[in-house]
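The values are calculated or read from the model by the stated rules, or taken from the named source; none is laboratory data. Source: prediction; values computed, not measured. Note that each Cβ is placed from the backbone with ideal geometry, even for glycine, and that neighbours are counted across all protein chains shown.
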Amino acid sequence: MRGAPTLLEVYNSLSGRKEEFWPLEDRVVRMYVCGITPYDVGHLGHARVFVFFDTVRRYFEFNAYRVRHVQNITDVDDDMVRVSQRLGLTIAELTERNQQLYLQEMDALNVQRPDLFPKASEHIDGMIALVQALLRSGHAYGVDGYVFFDTATTPRFGALAGHDREGLRHVRNDSMPQEPEELKRDALDFLLWQPSEQAGAAFDSPWGRGRPGWHIECSAMVHAALGDRIDIHGGGSDLRYPHHDSEIVQSECATGAAPYVSLWMHIGTELLEGVKMSKSLGNLVKVSELLVRGHTPDGIRLYLLGTPYREQQDFSPAALSQWEQRAATLARAAAAAGGPPDRLRVQPLRNEFTAAMDDGFDTPRAIAALLRIADGVERQRLAGETAVPALLELAGVLGLRLGREG
């Protein structure tokens with residue numbers, strides 16, 4: 001039985017339109033966010049994803065929802081194998097080193113830690129069980145120790161990408177893993193299991209020693225942590241296809257529960273001089289470097305939330321500096337005395353903030369409402385005793401500290 005609807009309307013990447021949000025369980029939100037692959041340090045594009053979903057969580061909690069927030073760690077994949085070998089580290093050592101750097105950056109940005117950080121390597125049995133279910137139901141096939149999902153068995157494949165089967169054949173992006181195409185029945189089929197002998201990435205299975213394909217990892221971790229169906233699944237826009245499209249069909253075909261996800265949310269790409277920030281390209285802006293240069297966590301969060309979350313954002317030092325000035329304005333107002341009692345003149349601005357967040361998490365409009373409150377406080381048009389607490393409370397929804405720690 002579904003929970004009661006919220007006032008919230010959110011753009012669903014699957015349907016291509018805004019939809020009223022209905023949780024599966026009353027006052028509970030099950031949210032899974034695709035996390036890091038810790039073969040290298042992260043960058044501002046990753047931070048944009050995690051800051052945004054931290055804000056989503058904070059807004060639900062502001063409205064008295066319990067958020068079950070899960071974010072995975074992909075510690076078994078091609079890049080983890082390649083980089084660990086090059087550096088002479090075990091996969092576990094590489095994972096621990098870069099995960100700790102990630103946590104330090106997210107802590108600095110006041111990103112709340114998820115309830116769970118499941119690692120792919122800890123859920124191999126669950127992945128094997130899902131693959132076995134897909135084989136039994138005829139949705140998968142094995143070849144020479146490999147197992148592939150047979151995309152011809154489900155008409156839904158490609159729904160997130162918005163293409164039919166012929167259209168999918170022309171999709172190319174840098175998130176597509178390398179797979180043995182010559183073993184597949186169809187080029188659209190995707191890998192569920194592959195042979196492997198690499199230490200830290202080789203596990204016993206009914207098909208021999210090996211490791212999972214990328215997509216099945218998230219399905220198994222979602223299933224273990226949150227169940228067969230969840231409310232929100234999010235990540236970067238580059239994950240829509242093939243990763244999330246593959247997740248949908250393999251999860252629904254393995255469990256029989258549909259829809260796998262009620263609401264899909266994808267964050268726009270962070271660019272640097274018009275090119276997608278990418279660890280593989282090395283064109284990165286790192287949170288740690290911005291902090292060393294004197295930028296503040298509030299300034300960085302405002303910068304990341306100041307563009308509608310589905311839009312691309314091209315990194316601009318000038319724009320970041322402007323957001324730093326706005327962060328300073330908010331912090332000044334939070335410490336100001338304000339004006340005399342005004343019979344809650346701040347309330348319409350509170351309403352503007354919540355209306356913006358209810359309208360698809362429109363953080364730029366929500367920030368504008370905060371700045372109007374700050375302006376009213378500094379000009380003594382709003383009472384300090386009512387407007388300053390409102391400013392602090394609403395800024396907290398966006399993860400801003402405004403000069404206060406903790």
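Take the residues in the range 349-392 that are touching a helix residue (DSSP H, G or I) at 6+ places or on another chain (Cβ under 8 Å) and of a type in the set (Asp, Glu), then tell me which one is nearest to residue 302 (Cα to Cα). Among residues in the range 349-392 that are touching a helix residue (DSSP H, G or I) at 6+ places or on another chain (Cβ under 8 Å) and of a type in the set (Asp, Glu), the one nearest to residue 302 (Cα to Cα) is 362.
Might you check whether a residue that is over 18 Å from residue 109 (Cβ atoms), aliphatic (A, V, I, L, M) and modelled with pLDDT under 95 occurs anywhere in the range 366-378? No, there is no match, as no residue in the range 366-378 is over 18 Å from residue 109 (Cβ atoms), aliphatic (A, V, I, L, M) and modelled with pLDDT under 95. The set of residues from the range 382-406 being assigned to a loop (DSSP other than H, G, I, E, B) and at pLDDT 95 or above comprises 382, 398, 399, 400, 401, 402. In this structure, is residue 28 modelled with pLDDT of 95 or more, surrounded by fewer than 22 Cβ atoms within 10 Å (Cβ to Cβ) and of a type in the set (Val, Ile, Thr)? Yes; evaluated as a whole, the condition is true for this residue. Filtered by the rule that a residue be part of a helix (DSSP H, G or I) and either within 20 Å of residue 25 (Cα to Cα) or out of contact with any helix residue (DSSP H, G or I) (no Cβ under 6 Å at 6 or more places or on another chain) (or both), the range 189-218 gives a lone residue, 214. Please indicate, with yes or no, whether at least one residue in the range 113-121 is exposed (fewer than 15 other Cβ atoms within 10 Å of the Cβ), modelled with pLDDT of 95 or more and either out of contact with any strand residue (DSSP E or B) (no Cβ under 9 Å at 6 or more places or on another chain) or of a type in the set (Val, Ile, Thr) (or both). Scanning the range 113-121, I find no residue that is exposed (fewer than 15 other Cβ atoms within 10 Å of the Cβ), modelled with pLDDT of 95 or more and either out of contact with any strand residue (DSSP E or B) (no Cβ under 9 Å at 6 or more places or on another chain) or of a type in the set (Val, Ile, Thr) (or both), so the answer is no.
Select from the range 160-180 the residues that are in contact (Cβ under 8 Å) with a residue 24 or more places away in the chain and closer than 13 Å to residue 239 by Cα and list them in ascending order. Those that are in contact (Cβ under 8 Å) with a residue 24 or more places away in the chain and closer than 13 Å to residue 239 by Cα: 160, 161, 171, 173, 174, 175, 176, 177. Could you list, in sequence order, the residues of the range 133-174 that are hydroxyl-bearing (Ser, Thr, Tyr) and either outside the structural domain of residue 252 (by TED's automatic domain parsing) or in a strand (DSSP E or B) (or both)? Selection gives 141, 146. Can you pull out the residues in the range 95-118 that are in contact with a helix residue (DSSP H, G or I) (Cβ under 7 Å, 6 or more places away or on another chain) and either outside any helix (DSSP H, G or I) or among the aliphatic types (A, V, I, L, M) (or both)? Within the range 95-118, 106, 108, 109, 110, 111, 112, 116, 118 meet the criteria.
Please tell me if residue 71 is free of Cβ contacts under 8 Å to residues at least 60 places away in the same chain, under 28 Å from residue 22 (Cα atoms), assigned by TED's automatic domain parsing to the domain that holds residue 33 and of a type outside the set (D, E, K, R). Criteria met by residue 71. Only a single item in (1) closer than 21 Å to residue 113 by Cα; (2) in the same structural domain as residue 333 (by TED's automatic domain parsing) is not met by residue 360, and it is number (1). For residue 107, the test of being modelled with pLDDT of 95 or more and acidic (Asp, Glu) is passed. Of the residues 67, 147, 131, the single one that is surrounded by 16 or more Cβ atoms within 10 Å (Cβ to Cβ) and either of a type in the set (Lys, Arg) or closer than 30 Å to residue 268 by Cβ (or both) is 67.
Please verify whether the range 353-366 includes one or more residues that are within 17 Å of residue 396 (Cα to Cα), free of Cβ contacts under 8 Å to residues at least 24 places away in the same chain and acidic (Asp, Glu). Scanning the range 353-366, I find no residue that is within 17 Å of residue 396 (Cα to Cα), free of Cβ contacts under 8 Å to residues at least 24 places away in the same chain and acidic (Asp, Glu), so the answer is no. Selection of helices (runs of 4 or more DSSP H) fully inside the range 256-371 by the criterion of at least 2 residues being in contact with a Lys or Arg (Cβ under 9 Å, 6 or more places away or on another chain) and buried (at least 18 other Cβ atoms within 10 Å of the Cβ) returns 297-305, 317-334, 347-358.
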